[in-house]
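Take a look at the structure set out below.
The values are calculated or read from the model by the stated rules, or taken from the named source; none is laboratory data. Computed from a predicted structure; not experimentally measured. Virtual Cβ from ideal backbone geometry, glycine too; neighbours counted across all protein chains shown. Only protein heavy atoms, including side chains, enter the accessible area calculation; ligands, DNA and RNA are left aside. Shrake-Rupley method; radii C 1.70, N 1.55, O 1.52, S 1.80 Å.
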Amino acid sequence: MTDRHLIRGLAALLLLTVASQIFYIAIVSGSENEMLRPLTWFTELFAFAISTVLALSLAARRPKQAPIWSTIALAGTLNTIQVAMGLSMFGPAMEAGEAVPQLFAAVLAGAFFFYFLAKFLLGGAAILLGAGALKAGSGLAKPLGGLAALAGVGALGLSLLAMIDAKTWTFAAGGAGTAVTALLAGLLLAQSE
């Protein structure tokens, strides 16, 4: 695979996770269908895991940008963990929650902490890649770089606030994290032209 293929694959997987998060909020969270939740989460699990592999491959192939690609890989790993927690721990924690009510809350808080930390890291990567595109990019990459960098600043701040106080900042940080993921993916696609 060429670097271009890896970058496009990574961008496609990031966009898939954005689509799955929107689908989850719009459709799955209010649905009675028992299969939609695990199906959506397994889609995200594989997308995050494969995005980690692609980002690590780019880190190895592009040593000057290794910190950026490694940051994206770490975000993918953290997201893989948080989705795996939902798939493997939410059910048993809910059942045990009748006896120990704080158990489910603790597992949920841990999963969200990993989610916000991953979006914090993607925000940092978006700032670095976006600033580079503003400086040396051309065509669509230049404005997308500016938007990605701005979204990165928002994701950094809101994700940090959500790690400190999830009750207050969950929705704002989730929206910022989704936006930065989408813009980062768009920037990667524009740069791979």
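Starting from one equal scatterer on each C-alpha and no solvent at all, send me the Debye-based log10 I(q)/I(0) for region 43-155 at q = 0.18 Å⁻¹, two decimals.
-0.90
Give the lysines reachable from Lys167 as a straight Cα distance under 27 Å; neighbours fewer than 8 places away on the same chain don't count.
Lys119
Kindly report the accessible area of region 125-193 per residue (heavy atoms of protein chains, probe 1.4 Å, no ligands, DNA or RNA), in Å².
Accessible area per residue: 47 Å².
Shape call for region 1-99 from the C-alpha gyration tensor, a ≥ b ≥ c root eigenvalues: rounded (a/c under 1.5), prolate (a/b greater than b/c) or oblate? Each step should come with its number before you reach the end.
On the way: a/c = 3.59, a/b = 1.99, b/c = 1.80.
Prolate.
Using Cα-Cα distances under 8 Å and only pairs 6 or more residues apart, what relative contact order does the chain have, in percent? Provide the component values of the computation, followed by the final result.
Values: 279 pairs, mean separation 42.7, N = 193.
Once divided by the residue count of the chain, the mean separation gives 22 percent.
Show me the ranking of peptides 183-191, 102-110 by mean Cβ neighbours inside 10 Å, starting with the highest.
Working: 183-191: 24.0, 102-110: 15.0.
Ranking, from highest mean packing down: 183-191, 102-110.
Can you send over the solvent-accessible area of Phe23, 1.4 Å probe, protein chains only, in Å² to the nearest 10?
Answer for Phe23: close to 80 Å² accessible.
Taking the convex hull of the alpha carbon atoms in the chain, what volume per residue do you get, in Å³? All intermediate terms of the calculation are to be shown ahead of the outcome.
Numbers: hull volume 21.6 nm³, N = 193.
In the chain, the Cα convex hull volume per residue is 112 Å³.
Sort largest first and round to whole Å: the equivalent ellipsoid semi-axes of region 138-193, each the square root of five times a Cα gyration tensor eigenvalue. The partial results should precede the final answer.
On the way: eigenvalues 139, 16, 8 Å².
For region 138-193, the ellipsoid semi-axes come out as 26, 9, 6 Å.
If you keep only loop residues by DSSP, which GluC sites (Glu not before Pro) in region 1-57 have at most 14 other Cβ atoms within 10 Å of their Cβ?
Filter output for region 1-57: Glu32, Glu34.
In nm², what is the average projected area of the convex hull enclosing the Cα atoms of region 1-44?
3.1
Pop out the ³J(HN,Hα) list for region 28-44 in order, Karplus 6.51 cos²θ - 1.76 cosθ + 1.60 with θ = phi - 60°, rounded to Hz; leave Gly and Pro as x.
Listing the rounded values in order: 5, 4, x, 8, 8, 5, 6, 8, 5, 4, x, 4, 5, 5, 5, 4, 5 Hz.
Where a Cα-Cα gap under 17 Å defines reach, which lysines qualify for Lys135, not counting those fewer than 8 residues away within the same chain?
In chain and number order, the partners are Lys64.
Rounded to whole Å, give me the distance from the Cα center of region 116-146 to that of region 31-67.
Region 116-146 and region 31-67 have Cα centres separated by 19 Å.
How far, in nm, would the chain grow between Ala26 and Met1 when pulled straight, counting 0.36 nm per residue and subtracting the alpha carbon separation?
Difference between extended and current length: 5.4 nm.
How charged is the neighbourhood of Ile27? Take every other residue with its Cβ under 15 Å from the Cβ of Ile27, and add Lys/Arg as +1 and Asp/Glu as -1.
It works out to a net charge of -2.
Per DSSP H run of n ≥ 4, the term is -39500 (n - 2.57); total these for the chain, divide by its residue number, and report the mean residue ellipticity at 222 nm rounded to 500 deg cm²/dmol. Let's see the in-between values first.
On the way: 6 runs with 168 residues, N = 193.
So the helix-based figure for the chain works out to -31000 deg cm²/dmol.
Take region 121-163, compute every pairwise Cα distance, and split them into 10 Å bins from 0; I just need the percent in each bin.
For region 121-163, the pair-distance distribution reads 37, 45, 16, 2.
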